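Visitor: Can you keep this structure in mind? I'll have questions shortly.
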Amino acid sequence: MSEDDNNMEEYPTEIHDYLSAFEKSLGSVDEMLKTMMSVSRSELLQKLDPLEQAKLDLVSVYTLNSMFWVYLAIQGINPKEHPVKQEL
């Protein structure tokens, strides 16, 4: 029995496509974060005009809050009752 066969037995097969898509999305997020973190913030901001800087800040904050929301949910904490909801 291969490792893939063992993994298939651990969760319902009908969610396999969703899990595969989720794994691919996580890989994309990981690559984007690595790219962003490979350049210092000041160096990155120097390459952007003020509007692009504001957009980068807005997207960064929203992404961080969203990731924390997911983290809370994974930990069994209701994010709707956590102060992070006010940040979003």
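The values are calculated or read from the model by the stated rules, or taken from the named source; none is laboratory data. This one's a predicted model, so the numbers in the text were calculated from it and none came from an experiment. Cβ sites come from the backbone with ideal geometry, for glycine too, and all protein chains shown count toward neighbours. Only protein heavy atoms, including side chains, enter the accessible area calculation; ligands, DNA and RNA are left aside. Shrake-Rupley method; radii C 1.70, N 1.55, O 1.52, S 1.80 Å.
Visitor: Which of Val59, Val70, Val39 moves the most in a Gaussian network model of the chain with Cα springs under 10 Å?
Guide: So, out of Val59, Val70, Val39, the one fluctuating most is Val70.
Visitor: Pairs on different chains or at least eight residues apart, Cα atoms closer than 26 Å: how many lysine pairs in the chain fit? Intermediate results must be reported in sequence, preceding the final value.
Guide: Values: Lys24/Lys34; Lys24/Lys55; Lys34/Lys47; Lys34/Lys55; Lys47/Lys55; Lys55/Lys80; Lys55/Lys85.
Lysine pairs meeting both conditions in the chain amount to 7.
Visitor: For the chain, what is the accessible area per residue in Å² when the probe is 1.4 Å? The partial results should precede the final answer.
Guide: On the way: 7650 Å² over 88 residues.
Per-residue value: 87 Å².
Visitor: Take His82 and Ser20, extend 7 Å from each Cα along the Cα→Cβ direction, and tell me the distance between the two endpoints in nm.
Guide: It is 3.1 nm.
Visitor: On to the next question. Using a 1.4 Å probe over the heavy atoms of the protein chains, calculate the carbon and sulfur portion of the accessible area of the chain as a whole percent. Write down the numbers at each step before the final one.
Guide: Values: 4530 of 7650 Å².
On the chain, the fraction of accessible area on carbon and sulfur atoms equals 59 percent.
Visitor: Express in Å², to the nearest 10, the accessible area of Thr63 obtained by rolling a 1.4 Å probe over the protein heavy atoms while all chains stay in place.
Guide: Only protein atoms counted, so the area is about 60 Å².
Visitor: For the chain, set up a Gaussian network in which alpha carbons nearer than 10 Å are linked by springs, and say which option among Glu23, Glu52, Glu14 fluctuates the most.
Guide: Glu14
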